[in-house]
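Note sheet for the following structure.
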There are 2 protein chains.
Amino acid sequence: MIMSNDFMKCAISEAKLSGGDIPVGCAIVCGNEIIAKAHNEREKNNDISAHAEVVALKMAAEKFNNWRLENCSLYVTLEPCPMCAWAILNSRVKEVYFGSYDLKYGAFGSKINLGEISDAKTKIFGGIMENECNALLKEYFLRLRK
Amino acid sequence: MIMSNDFMKCAISEAKLSGGDIPVGCAIVCGNEIIAKAHNEREKNNDISAHAEVVALKMAAEKFNNWRLENCSLYVTLEPCPMCAWAILNSRVKEVYFGSYDLKYGAFGSKINLGEISDAKTKIFGGIMENECNALLKEYFLRLRK
């Protein structure tokens, strides 16, 4: 599978649907087709686990009737937190492409690297369309401060 | 709030409902009342996030209409994985009591300690009714090998 900015663009569009939540969007791709896309719904759904990645993983699992997603790639606008990183690794997704680095809680290398303690062979790539992804967060926090 | 083996016994009973899944049970307690109890449903529900802890956190959040659980304690038969540990820390649960240590994936000190990178003030206690909790896993893996 080849990395494509089109899929990150889809994740960015999703992020913009996060409403009052921190804008994070995710797209899961299988065979060049987007099979799941989701955004952060923690506040909206009052669900601690409803980060974009977990919601998208659940949608993809439903589609395939299998939570193992060996043939899929996952695109997400922000480096996953430890909760999401572990869910992603356990889903056996083939590749992860994330946009912004999260120096405070990023669990794919920025703060810690959960890949190091997992048996998963998932490959991780960061900084994809980083400026566009950073802009999402910058706008959100600017709005929040007003 | 005072730790009570009764709550861990409830978590152990829940673990026994896990069916084909690895037996893990969880109980969330608020003011000496069990407000949520759940078991591992990952395989049954085809949901990567349906570990006992996440399911219980969601039930408790629904009950209070709030995913912040500052006044609650969480009992779980096995040391949480990184996914669950981060969900627990983010929920701001006051105390966590776990039974068995998980040397391979335990994220409250055995393999890594996510408490170290979180802002949460959650206190963690391991080895509660450890023998009984270990027995659950031992029986399961013995059955699996047969």
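Values in this text are rule-based calculations from the coordinates and carry no lab data. The structure presented is a predicted model; accordingly, all values stated were derived computationally and were not measured. Reconstructed Cβ throughout: ideal geometry from the backbone, glycine too, with neighbour counts over all protein chains shown.
Add +1 for every Lys or Arg and -1 for every Asp or Glu among the other residues with Cβ under 12 Å from the Cβ of A:A85, and state the total.
Local net charge: -3.
When Cβ neighbours within 10 Å are restricted to other protein chains, what is their mean count per residue of peptide A:49-57?
That works out to 4 on average.
How big is the gap, in Å, between the Cα center of region A:94-123 and the Cα center of region B:6-37?
Comparing the Cα centres of region A:94-123 and region B:6-37, I get a distance of 31 Å.
How would you rank B:C81, B:C30, going from fewest to most other Cβ atoms within 10 Å of each one's own Cβ? Kindly include the intermediate steps, with their values, before the conclusion.
On the way: B:C81 27, B:C30 19.
Fewest-to-most Cβ neighbours within 10 Å comes out as B:C30, B:C81.
For chain B, rounded, prolate or oblate, judged on the Cα gyration tensor with a ≥ b ≥ c (square roots of eigenvalues), a/c < 1.5 rounded, else prolate if a/b > b/c?
Here chain B falls in the rounded category.
Compute the label-point distances linking A:K138 to its equivalents in the other copies; points lie 7 Å from Cα along Cα→Cβ; give nm, one decimal, shortest first.
Copy-to-copy label distances at A:K138, shortest first: 5.9 nm.
On average, how many beta carbons from a partner chain sit within 10 Å of the beta carbon of a residue in A:86-99?
Taking all residues of A:86-99 together, the mean is 3.
Explain nothing, just the number: dipole magnitude of chain A about its Cα centre with +1 on each Lys and Arg Cβ and -1 on each Asp and Glu Cβ, in debye rounded to the nearest 20. Spell out each step's value before the answer.
Numbers: 18 positive and 18 negative charges, 43 e Å.
The dipole of chain A has a size of about 200 debye.
Which of the aspartates and glutamates could a cross-linker bridge to A:K111, judged by Cα under 13 Å and excluding same-chain residues fewer than eight apart?
List returned: A:E79, A:D102, B:E116.
Which order results if A:F141, B:F108, B:F64 are arranged by neighbouring Cβ count within 10 Å, fewest first?
A:F141, B:F64, B:F108
What ranking do A:R42, B:R143 get, fewest neighbouring Cβ atoms within 10 angstrom at the top?
Working: A:R42 22, B:R143 9.
Least to most surrounded, the residues fall as B:R143, A:R42.
Taking only DSSP H segments of four or more residues, each worth -39500 (n - 2.57), what value at 222 nm results for chain A once the sum is divided by all its residues, to the nearest 500 deg cm²/dmol?
Numbers: 5 runs with 54 residues, N = 146.
Calculated from helices alone, the mean residue ellipticity at 222 nm is -11000 deg cm²/dmol.
Based on C-alpha coordinates, I'd like the Rg and Dmax of the protein assembly as shown, in Å.
18.6, 63
Within 13 Å, Cβ to Cβ, of A:N71, how many net charges do the neighbouring residues add up to if Lys/Arg are +1 and Asp/Glu are -1?
Computed value for this residue: +2.
State the antiparallel share, in %, of DSSP beta bridges confined to region B:13-146, rounding to the nearest 5. Present the calculation step by step, with values, prior to reporting the outcome.
Working: 12 of 20 bridges.
Given both bridge residues lie in region B:13-146, the antiparallel proportion sits at roughly 60 percent.
Where both residues lie in the protein assembly as shown, what percent of DSSP beta bridges are antiparallel, nearest 5?
60
Taking a 22 Å limit on the Cα-Cα distance, which of the listed pairs B:K16/B:K138; A:K9/A:K94; B:K37/B:K58; A:K121/B:K58; B:K9/B:K121; B:K58/B:K123 fall beyond it? Walk me through the numbers on the way to the answer.
On the way: B:K16/B:K138 13 Å; A:K9/A:K94 20 Å; B:K37/B:K58 10 Å; A:K121/B:K58 30 Å; B:K9/B:K121 25 Å; B:K58/B:K123 20 Å.
Over 22 Å apart, Cα to Cα: A:K121/B:K58; B:K9/B:K121.
Within the set of other residues whose C-beta is less than 13 Å from the C-beta of A:S118, count the net charge using Lys and Arg as +1 and Asp and Glu as -1. Could the numbers behind the result be given before it?
Numbers: positive: A:R92, A:K121, A:K123, B:K104, B:K111; negative: A:E116, A:D119.
Computed value for this residue: +3.
In nm, one decimal, shortest first: how far is the label point of A:G31 (7 Å from Cα along Cα to beta carbon) from the matching points in the other copies?
5.5
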